[in-house]
Amino acid sequence: MSEDREFAFSIREHIGVISKYQTGWTKELNLVEWNGNNAKFDIRDWEPSHEHMSRGVTLREEEAKSLLALLIKYFRQKQEEQKTVAQAAERCENPAPVAEPASAAELAPAAEPEPSAGPAPVAEPTAESVPLQTEEESF
């Protein structure tokens, strides 16, 4: 059971075109007053003269802010995921050099120090002996 109801609308502010179709219709974001009520954010398709429209979505200011926050969060997460994938791909394309196999002499057990020699000296770290860590890997 459908009932044709008259309604009044007034586009108070045209914010922007989201997309344009080959037919000339556009998906727009506007501030629209419906039936004399306060203007709401409105997303819908409009024909060029703005006499005909499709069904759309209206949002109060608080809802529009929530939508914006959700979209920002969503796109930031996607950006981080893409960055992680790109970094992993780069590591696969440019793997870290593999150390040469150890010689038999390097694998032989170290000789016991002479009792009178005192403690064995501790080797100072060198640039080659300290593992590198990027900012992304440090957390």
Item checked: Residue count, segment 69-98 (criterion: under 30 Å from Leu59 (Cβ atoms) and charged (D, E, K, R)) -> 5
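For segment 44-64, which positions are surrounded by 10 or more Cβ atoms within 10 Å (Cβ to Cβ) and not charged (D, E, K, R)?
Trp46, Pro48, His50, His52, Met53, Ser54, Gly56, Val57, Thr58, Leu59, Ala64 - these are the residues of segment 44-64 that are surrounded by 10 or more Cβ atoms within 10 Å (Cβ to Cβ) and not charged (D, E, K, R).
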Note to self: Please determine whether any residue of segment 40-51 is more than 28 Å from Gln22 (Cα to Cα), without any contact (Cβ under 8 Å) to a residue 24 or more places away in the chain and acidic (Asp, Glu).
What the structure shows: no
Check: Can you name every residue in segment 1-31 that is among the hydrophobic types (A, V, I, L, M, F, W, C) and either outside any strand (DSSP E or B) or under 31 Å from the mean Cα position of the chain (by Cα) (or both)?
Finding: Met1, Phe7, Ala8, Ile15, Val17, Ile18, Trp25, Leu29, Leu31
Note to self: Yes or no: segment 65-85 includes at least one residue that is touching a strand residue (DSSP E or B) at 6+ places or on another chain (Cβ under 8 Å), part of a strand (DSSP E or B) and surrounded by 10 or more Cβ atoms within 10 Å (Cβ to Cβ).
What the structure shows: no
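Taken together, the values in this text are just the output of simple stated rules run on the coordinates, not laboratory data. Predicted, not measured: the structure shown is a model, and the values here were computed from it. Cβ atoms come from the backbone with ideal geometry, glycine included; neighbour counts cover every protein chain shown.
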